[in-house]
Amino acid sequence: MSALLSNVPVEHAVVIAGGGPTGLMLAGELALAGVDVAIVERRSSQDLTGSRAGGLHARAIEVLEQRGIADRFLAQGQVAQVAGFALIRLDISDFPTRHNYGLALWQNHIERILAGWVDELAVPIYRGREVTGFAQDDSGVDIELSDGRSLRAKYLVGCDGGRSLIRKLAGIDFPGWDPTVSHLIAEVEVAGEPEWGMRHDISGIHGLSRMEDGGPVRVMVTEQHLGAASEPTLSDLSEALVAVYGTDYGIHSPASISRFTDMTRQAASYRNGRVLLAGDAAHVHYPAGGQGLNTGVQDAVNLGWKLAQVVKQTSPESLLDSYQAERHPVAARVLRNTMAQVALMRRPDDRVKALQETMSDLLGMEEPRKRIAAMMSGLDIHYDLGEGHKLLGRRMPDLDLLTADGPLRVFALLHDARPVLLNLGEPGGFDITPWADRVKLVDAKFDGVWELPVLGAVPAPDVVLIRPDGYVAWVGDRTQAGLADALTTWFGPPAAA
Ligand SMILES: Cc1cc2nc3c(=O)[nH]c(=O)nc-3n(C[C@H](O)[C@H](O)[C@H](O)COP(=O)(O)OP(=O)(O)OC[C@H]3O[C@@H](n4cnc5c(N)ncnc54)[C@H](O)[C@@H]3O)c2cc1C
């Protein structure tokens, strides 16, 4: 979108600070729900210097498939068994999902594809400027931009990364653990022929690889001492390489050099009034297991439909409490498992090696492999929605249904991000007229086995209420007991007759 044209604040229902993977996904979700949303992004284009996330896990691929866009990513990446724990590979090819694998695809491609989708949904992106401040009142938020213009929105969402200004200005604490290890990651030219591949030695993990297009060399090296907070230089990289390899291979012409650490922190609250946080703005951790982008994208898919309903006033503001209640524990678990992985990948003295071997043995066993692999791939996420059927609060499987109009997959029903009441019992057995403007009622048949990751087969339900994020909000039998309450809780009170 072109520059803001005047000093009069431009109004949007929701403004997202930051158009990385989380902000883009959230924008798409809100736009699908018909909400007027805009992104403010510091970068002047979607281009990303340096490599960050290397791919998608199974649940993130499923989530994209729920919107009908997974194929765009699959077509450009490499399907592989990518789940792992502290470099111990975990195979998920026997998991009950269509995507029983991960996808190797660099973050710059993931962002480009997401940005293309958001563009199709006509979301304005104010590029090349930053959010520099905001003030909230009872009815909205005034948002200041670095070019002196301002925006007005009902809600502001900080998807502005680990150093989130939105989080700081909202006064939200970011407690956690200071870093203990730092790495330099860079794209450079080399004069000599380096030692290709990964090296795991007494000083940590390092690696050099040629980029896929024959471009620069990608370097990752553990620093001997915790790096300074300042931006790293070519001489820092040279020094770190010499310490490990005895040479810096004549590195020159860096396209990018950055530092990452195992700093581990999580926002104490994901919301302050009309200001919310998602993605790295809400949680940072060591990249082991490749979970950061995946978690941010799923934060966005959890928040999007809830915020849309609150903005449209079909649900009370209290629905937003469930965002923090559901997503904070998920990220807390990611933080915990990355800290465990850092401990396992420390400078490998004999004791750490013994611990690695023990973990490797354990993860070679059926049950531990399944549990940890389901956690790392996001397939075991269970929102605590109370007692009941095993499906409650878990991901709805992508079943092959048979409807009066022919075969249909469950995930196809979710493409427009609307809730679905899926009746697998007697057709016409349910009446949800007061919610018909919000909830799709689908009569279908499914004769197969209901199987969930880790849990295995579960009893076949007669009817399930599926939220737009693909999690099951209510499971019923032939009666309607509890259905009206569940519809009201999740999708707002019944429309007046
Ligand atoms: C070395 C490394 C490897 C990684 N590997 C993986 C992996 O394999 N798998 C995985 O899932 N994750 C991985 N991650 C983590 C992943 O990169 C992040 O979790 C992900 O980028 C978070 O997305 P985000 O949109 O929340 O934040 P970001 O990607 O940080 O995006 C924030 C955006 O906000 C913009 N911005 C910032 N401040 C402002 C402002 N004030 N106003 C406007 N715009 C602003 C920024 O320009 C940026 O575009 C890795 C990270 C690193 C460092």
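Run the dipole for the chain about the Cα centre, Lys and Arg Cβ at +1, Asp and Glu Cβ at -1, nothing else charged, and hand back the magnitude in debye, nearest 20. Don't skip to the answer; put the middle values down first.
Details: 46 positive and 63 negative charges, 87 e Å.
Computed about the Cα centre, the dipole is about 420 debye.
For a quick check of understanding: with a 1.4 angstrom probe and all protein chains in place, what accessible area in square angstrom does D94 have, to the nearest ten?
In the full protein context, D94 sits at about 80 Å².
Could you sort 22-35, 432-445 so that the peptide with the highest average Cβ count within 10 Å comes first and the rest follow in order?
Working: 22-35: 26.1, 432-445: 16.1.
By packing density, highest mean first, the sequence is 22-35, 432-445.
Compute the distance in nm between two label points, each set 7 Å from the Cα along the Cα-to-Cβ direction, one at A412 and one at L121.
2.2
Quote the FRET efficiency, to the nearest 0.05, computed for A460 versus T433 with a Förster distance R0 of 30 Å and r equal to the Cβ-Cβ distance. Numbers along the way, then the final one.
On the way: r = 27 Å, r/R0 = 0.89.
FRET efficiency, A460 to T433: 0.65.
So what is Rg over Rh here for the stretch 233-283, counting just Cα atoms and using Kirkwood for Rh? Each step should come with its number before you reach the end.
Values: Rg = 18.4 Å, Rh = 14.3 Å.
In the stretch 233-283, Rg relative to Rh is 1.29.
Against the longest principal axis of the chain, how steep is helix 350-363, in degrees 0 to 90 to the nearest 10, with axes from Cα atoms?
With rounding to tens, the tilt is 30 degrees.
Tally up the carbon and sulfur contribution to the accessible surface of the stretch 124-187 as a whole percent, 1.4 Å probe, everything protein left in place. Can you show the working numbers first?
Numbers: 1310 of 2760 Å².
Carbon-and-sulfur percentage of accessible area, whole number: 48.
Assuming R0 = 56 Å, can you tell me the calculated FRET efficiency for the pair T488 and E189, based on Cβ-Cβ distance, to the nearest 0.05? Please report the intermediate quantities before stating the final value.
Numbers: r = 61 Å, r/R0 = 1.10.
My answer for the efficiency is 0.35.
Could you give the dipole magnitude of the stretch 232-377 about its Cα centre, charging the beta-carbon of Lys and Arg +1 and that of Asp and Glu -1, in debye to the nearest 20?
On the way: 16 positive and 15 negative charges, 102 e Å.
With Lys and Arg at +1 and Asp and Glu at -1, about 500 debye.
Taking only Cα atoms, what is the 0 to 90° angle, nearest 10, from helix 321-345's long axis to the longest principal axis of the chain?
Helix 321-345 sits at roughly 30 degrees to that axis.
In degrees between 0 and 90, to the nearest 10, how far off the longest principal axis of the chain does helix 21-32 point, with axes built from Cα atoms?
20
If you stretched the chain out fully between M198 and E426, how much longer would it get, using 0.36 nm times the residue separation minus the C-alpha to C-alpha distance?
Working: separation 228, 0.36 × 228 = 82.08 nm, distance 5.78 nm.
Gain on stretching M198 to E426: 76.3 nm.
Give the share of C-alpha pairs in each 10 angstrom bin for the stretch 313-417, from 0 to the last occupied bin, in whole percents, shortest bins first.
11, 26, 30, 19, 10, 3, 0
Per DSSP H run of at least 4 residues, take -39500 (n - 2.57); add these up for the chain, divide by its residues and hand me the 222 nm value, nearest 500 deg cm²/dmol. The partial results should precede the final answer.
Working: 12 runs with 140 residues, N = 497.
The per-residue figure over the chain is -8500 deg cm²/dmol.
So how far, in whole Å, is the C-alpha centre of the stretch 412-465 from the one of the stretch 89-109?
26
Where in the stretch 1-104 are there trypsin sites (Lys or Arg not before Pro) that are in a DSSP coil and have at most 12 other Cβ atoms within 10 angstrom of their Cβ?
In loop regions of the stretch 1-104 (DSSP not H, G, I, E or B), there are no sparsely surrounded trypsin sites (Lys or Arg not before Pro).
State the antiparallel share, in %, of DSSP beta bridges confined to the chain, rounding to the nearest 5. Spell out each step's value before the answer.
On the way: 62 of 84 bridges.
For the chain, the DSSP antiparallel bridge percentage is about 75.
Could you tell me how far the Cα centroid of the stretch 146-202 sits from the Cα centroid of the stretch 238-300, in Å?
Their Cα centres are 5 Å away from one another.
Could you tell me which of M198, A135, P453 has its Cα farthest along the dipole of the chain towards the positive end, charges placed at Cβ (Lys, Arg +1; Asp, Glu -1), taken about the Cα centre?
A135
Using the charge dipole of the chain (Lys, Arg: +1 at Cβ; Asp, Glu: -1 at Cβ; taken about the Cα centre), state which of I381, G20, W435 has its Cα farthest towards the positive end.
W435
So which trypsin sites (Lys or Arg not before Pro) in the stretch 138-237 end up in coil per DSSP with only 14 or fewer other C-beta atoms within 10 Å? Could the numbers behind the result be given before it?
Numbers: sites: R149, R152, K154, R163, R167, K168, R199, R210, R218; in loops: R149, R163.
Filter output for the stretch 138-237: R163.
Please report the carbon-and-sulfur percent of the accessible area for the stretch 334-454; probe 1.4 Å, protein heavy atoms only, DNA, RNA and ligands left out. Intermediate values should be presented prior to the final figure.
Details: 3220 of 6140 Å².
C and S atoms contribute 52 percent here.
Measure off 7 Å from each Cα along the Cα-to-Cβ vector at A255 and M365, then give the distance between these two points in nanometres to one decimal.
4.5
Dipole of the stretch 44-89, Cα-centred, from +1 at each Lys and Arg C-beta and -1 at each Asp and Glu C-beta, to the nearest 20 debye? Walk me through the intermediate numbers first.
On the way: 5 positive and 4 negative charges, 26 e Å.
Rounded to the nearest 20 debye, it is 120 debye.
Could you work out how far apart the two model spin labels at T314 and K353 are, taking each label as a point 7 Å from the Cα in the direction of the beta carbon, and quote it in nm?
Simple spin-label model gives 6.0 nm for this pair.
I'd like the accessible area for M211: 1.4 Å probe, protein heavy atoms, all chains in place, Å² to the nearest 10.
30
If DNA, RNA and ligands are ignored and the probe is 1.4 Å, what is the ranking of W450, W106, W196 by accessible area, most exposed first? Can you show the working numbers first?
Details: W450 5, W106 75, W196 100 Å².
Result, largest first: W196, W106, W450.
Which Cα, out of P287, N100, G482, lies furthest along the positive dipole direction of the chain (beta carbon charges, K/R +1, D/E -1)?
G482
The values are calculated or read from the model by the stated rules, or taken from the named source; none is laboratory data. It should be emphasised that the depicted structure is a prediction, and the values quoted were computed from it without experimental measurement. Every residue, glycine as well, gets a Cβ built from its backbone with ideal geometry; the counts of neighbours run over all protein chains shown. Please note that ligands, DNA and RNA were not included when accessible areas were found on the heavy atoms of the full protein model with its side chains. Shrake-Rupley method; radii C 1.70, N 1.55, O 1.52, S 1.80 Å.
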